[in-house]
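Visitor: Supplied in structure tokens, the structure appears directly below.
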Amino acid sequence: MARGFSYAPGASTEVEEAAAPGLTKERMQELGGSRNALVREAIAARTDCPFGLMVTLAHDHVVPVRAAMAGNPKVLHSILDYLSHDRQVAVLCAVAGNPSTGQDILEALAAHRKGAVRDAAAAALDARAGSAVSADHTPELRDRVFEESQARREALLAEAADSSLEAAADAAMEGAAPVAEPAEPLPARPTRSAPVRGFRPPVDA
């Protein structure tokens with residue numbers, strides 16, 4: 001090999017190996033530490049990438065590697081949240097295009113100062129809204145489902161309120177002083193009549 005000559009990055013056999021199916025986790029760990037950024041990028045895009053290696057590649061100094069991790073549909077939510085604060089537009093757009101990105105992250109990206117990021121987040125939000133509409137088939141069905149949901153909610157609230165009132169009434173009855181039973185009537189007091197003047201009772205013989 002002539003001095004100063006090196007293979008083109010894409011010509012490395014490790015790049016093909018990094019994207020090949022059936023790669024062991026041990027080998028992925030090795031390739032994830034490769035000096036070739038294309039190899040690390042291929043590993044970052046794998047859905048079976050080990051979680052620990054995901055964290056490492058999310059901090060990679062090469063933008064395409066972080067972007068590949070941001071677009072990985074199996075990436076952890078905590079990593080997506082971290083990458084959603086990246087300074088590179090390519091990484092942020094990859095986060096916005098990831099189907100695993102949460103609604104909260106998309107809404108934050110939709111207010112980003114970079115127009116490309118805002119557009120990517122808005123497109124993702126619109127796509128999800130369109131999916132929800134198609135799932136409901138018709139506006140009339142959506143309205144009926146909403147009305148039924150509201151009716152169930154109001155019924156549950158009313159039932160809960162009735163239960164609370166009944167429980168409060170029971171508690172009040174239990175806490176009230178018991179009514180005293182009427183005392184037994186006292187025996188009749190004998191009446192004493194005054195003797196008639198001049199009358200003497202007969203003396204027994």
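What follows draws every value from the coordinates through simple rules; no lab data is involved. Here the structure is a predicted model, which means the values were calculated and not measured. Counting neighbours? That spans all protein chains shown, and the Cβs are built from the backbone with ideal geometry, glycine included.
Visitor: Regarding T56, is this residue in contact with a Lys or Arg (Cβ under 7 Å, 6 or more places away or on another chain) and hydroxyl-bearing (S, T, Y)?
Guide: Considered against the rule, which asks whether it is in contact with a Lys or Arg (Cβ under 7 Å, 6 or more places away or on another chain) and hydroxyl-bearing (S, T, Y), T56 comes out as no.
Visitor: Moving on to the next point. Looking only at helices (runs of 4 or more DSSP H) that lie completely in region 18-117, which have at least 3 residues being surrounded by fewer than 20 Cβ atoms within 10 Å (Cβ to Cβ)?
Guide: 25-32, 51-58, 77-83, 89-97, 103-109
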